[in-house]
Each structure stands twice: as C-alpha cells, then as structure tokens.
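The structure appears below as structure tokens.
The values are calculated or read from the model by the stated rules, or taken from the named source; none is laboratory data. Since the model is a prediction, treat every value here as computed from it, not as a measurement. For neighbour counting, all protein chains shown are included, and Cβ atoms are generated from backbone atoms with ideal geometry for every residue, glycine included. Accessible surface is based on the protein model in full, side chains and every heavy atom, while ligands, DNA and RNA are left aside. Shrake-Rupley method; radii C 1.70, N 1.55, O 1.52, S 1.80 Å.
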Amino acid sequence: MAGFCMNRFFLSFKQACVTRSFRFNHSPAATHYDIIISGGGMVGFAMACSLGRNSCLKNKRILLLESSNYKELNLTAYNHRVCSLNLNSKLLLESLGAWQHIVNARYSPVKKMQVWDAGSDAVITFGRANLSEEIAWIVENDVIQDSLVKELHHKNQVDVQYQSKVINYKLPKHADDAVHVTLEDGSHITTDLIIGADGYNSGLRQAMKTQYIMHDYNQMAVVATLRISESTENVTAWQKFLPSGPIAILPLSNDLSSLVWSTDKKSAQHLLHLPQEIFTDQINQAIWSNQDKNRMAQNVTERFFQLLKVCRINSREENETDTFQLPPSVVGIEGHQAAFPLSFGHSVNYVSHKAVLIGDAAHRIHPLAGQGVNLGFGDVVALNQVINEAIDNGSDHGNCLYLQKYQSNRQLSNLPVMAVVHGLHLLYGTTSLPQVLLRSLGLTLADSSSSVKKFMIQRASA
C-alpha cells in the first residue's frame, strides 16, 4: 500500500484522479468516510477545499463524489456560463488558494455597473468616475471549478472520485447509525455526515423528504460570447430591464463580453435558432431600442430627478459617476448561442440528521442579480465554521444542533436576497403604468444617494 501511495504521488493530475476513481469503484466492501460531499461543481469543490484546509479535520477521511468525468480546462474559447463574484466570494477563493489559479487563467474586473429601465430610462450606476475600485469579478464557471480542483489536488487532503453517480441515500433513524450511500456501479459507502452539493435536482434533498418550494419562471437565459465594437478598457457591466426579462452584457476582455438574456421560453427558442447576423441585430435592438418606453413615466422620472437636485437630496460623491453612458454595440458572437431554464427554488429545511444541503441543492434564484453562486459560497463558509465550532466544543462534526445553527444563519442571509430578486422579477415584468412609475422613481431615488448604493453593494456581498 505504501508503494502504491508513493507511485500515486508522482502521477500527473489527470492520472491521479483516474487512479482514485478506479481504486474506489472496484472495492468490494463498504468503505467508511467521516464526511462525504455529494456533487462537485463550484460549490461542491469549494466545500471540499474548505474542509481539507480545516485543521480540526486533519485526521478525518473526506470524500467528494462527482458524477461526471474529470475535464481539463480549455481556454481556447470562452465558456458561455460565467459568474459575477462578489467580494466575499473572492475572499473565500483567495483563502482557499484558488484565486491565484484564476489570475493565472483569466477573469475580468467590474469597476462600473449601469442598470436601467426600458420603460423610462430610469438608471442606477455603481462605481467611481475614475474607475479606481473593483466592485465585482466576472469569471467563467469552468475557470472557477478548475482552480478549486487544482488546489484540492495540490493539498491532497480530500479524496475525489469521478464517474460516481449516487443512486440512493439511506439516512439514519438513530444517532449511532451512519448514512449509507449507494453508487451506480453497486458499491456502498458509509459516512457520519453527508453534504449535498448535487444541484437543484438534489437526490439528497429528496431523500431528506423536506418540503421544496418551487416556481417556474417560464423563462430561459440565452447566453453567448459577444464581440463588441469598442476595443477599449471593458470594465462596465450593463443590464437593461425589458418587459420580457433583463438583458445583461458582462465584460470578459477588452473586445469580448458575455451575454445573459432572460426571456420567455418561446422567444428564447426563437433566438437560439437565428443566424448569427440576425441574432446580433436582435441584441443591439434590445439594448438600443426605445419601443418599450412609456413617455409619461419618462417625463415624471425626469421631473422627479430635477426635484431631487433642487432640494439637494442628491448625495452622490464628487467622483461618482452620475450620467447615463451608452452601452457598446455588438458586432458579432463567438461560437454559438445557448440557453438554460430559469426557476425559483428553496428547501424549507437545509439539514436533517447527519445530512446538510448547500448551493443549488438548498436554493435557486433568478440570475438577474448574479447572486446564485455567491449564496452557495456563503453556505460553504458558514458550514465550515459550524463544523469547526462543533469540534472545538467537543462535539461530533455532524452534530445536529450545530447543523441547525448553519441552517438558521444561512436562511437569515439567503431568504431576504431571494425575496428581493423574486420581487424585482415581478416588478420589472410588467408595462403597467403605476408599476413602471413606482420602480422608476425608486431607482432614481436610490441612484441619488451614495449611502444607499453602498448599502446595496454591502448586502450583495454578505
């Protein structure tokens, strides 16, 4: 066995992953781990890295089960799926050693954000006029996950098993019983704590038999990599709220941006099958067209803005941006367009006996605020903290009282964000004049106050 471990130490990263999977999958007897993370992805691998770095768990056996194959990072083209990381997510990735891998690959800082309403041109901007501060970071999903995988392998403190799909969870009925996990190949594993990072169709959540609140938005997010006309410093994130859903253009490089266009399923299917030239025209029309503008709402909003200035309620700082800037024109797309469905979901309970949910397994929100993975990374930090606290206090790492503390803390953080995002989706999904006026005046008032915008950014980073 010692010889095998020494040989494995000198294998390449890909070979190491395959060897681990092979060795485990062909074990005839059930193997026990102290903690199992079911599901990889960005949140699952971040959880594995956090637990692997936890000094309280240095003598514990930890396993991550990933149903798909190991994939090497390919940087020849940009991936359609990107994340807008907030400050806390960036700090987590830095603490795990993963951020340096992202820096070595690629990412794009956001130094300004402009959001406006198609119904009135009411606008809110975030960022300094001199573009001196970064307020978010756009990173491809594949780059984030690869950075975590690299760091996990480098530390070699957590076993990773690929091509390992869980088909059954048997949760314990008594405190002394273990969780039993059955894989698709027929092998069995037991554990003292199972962490579900297995996505919005979570098998662990179903095994917990907890109530799951779900709402289908009847929308899809159309995504693509865009070539933009202005080859200058591309550090602004743009988002326009259309009646059919928001369209966002996020910076990737000086001449490339990422499109996230949320719209109804019928329109999404139409956009997916358009030739690239016509699809490009549709994007520009959605960004530049005034066809959804309500003239009365526009006039009232403009007069309200002038009133704020006369009454000196406007409290923008001297070097803060205060003018509506024109977004870039799109000249084409790289590759092809794609789409994924949008829905709201929330598990009433995040924990059961010796079982806990994180990320999309526990909650799922609309991408209009870019908070999905940030909430998941917040779960990782909170769960690692309560496990650490339980062990420090002489309890088991799967102690239900501490897991309940994790649930309380995260629901207090997640539910307000989810409620606000869902409310914004409803508020901006109508052309009714009273609602257009309400959101336009609210957006204008918020934009007039630096303290309000600072609070909004702080809450988005919590």
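Below are the figures for this structure:
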read-out	value
Count of segment 67-102 residues which are under 14 Å from Asn141 (Cα atoms) and either part of a strand (DSSP E or B) or β-branched (Val, Ile, Thr) (or both)	5
Search result, residues across segment 78-91 that are open to solvent by 60 Å² or more (accessible area, probe 1.4 Å) and not charged (D, E, K, R)	Leu87, Asn88, Leu91
Any hit, segment 179-186, residues being among the polar types (S, T, N, Q), touching a residue at least 24 places away in the same chain (Cβ under 8 Å) and either surrounded by 15 or more Cβ atoms within 10 Å (Cβ to Cβ) or touching a helix residue (DSSP H, G or I) at 6+ places or on another chain (Cβ under 9 Å) (or both)	no
Residues within segment 215-259 that are closer than 24 Å to Asn290 by Cα and in a loop (DSSP other than H, G, I, E, B), tallied	4
Answer from Asp379, Asp360, Asp396, Asp447 - the residue that is open to solvent by less than 20 Å² (accessible area, probe 1.4 Å), closer than 28 Å to Gln206 by Cα and not small (Gly, Ala, Ser)	Asp379
Search result, residues across segment 110-127 that are in contact with a strand residue (DSSP E or B) (Cβ under 6 Å, 6 or more places away or on another chain) and open to solvent by 10 Å² or more (accessible area, probe 1.4 Å)	Met113, Val115, Val123, Phe126, Gly127
Qualifying residues in segment 404-444 (those that are of a type in the set (Val, Ile, Thr) and surrounded by 18 or more Cβ atoms within 10 Å (Cβ to Cβ)) - the one modelled with the lowest pLDDT	Thr444
Criterion (modelled with pLDDT of 95 or more, among the acidic types (Asp, Glu) and open to solvent by 30 Å² or more (accessible area, probe 1.4 Å)) met by exactly one of Glu66, Glu72, Glu94	Glu94
Sole exception among (1) aliphatic (A, V, I, L, M); (2) closer than 30 Å to Gly203 by Cβ; (3) surrounded by fewer than 20 Cβ atoms within 10 Å (Cβ to Cβ); (4) more than 26 Å from the chain's Cα centre (by Cα) for Ala390, by number	(3)
Residue within segment 204-224 that is more than 27 Å from His363 (Cβ to Cβ) and polar (S, T, N, Q) present	no
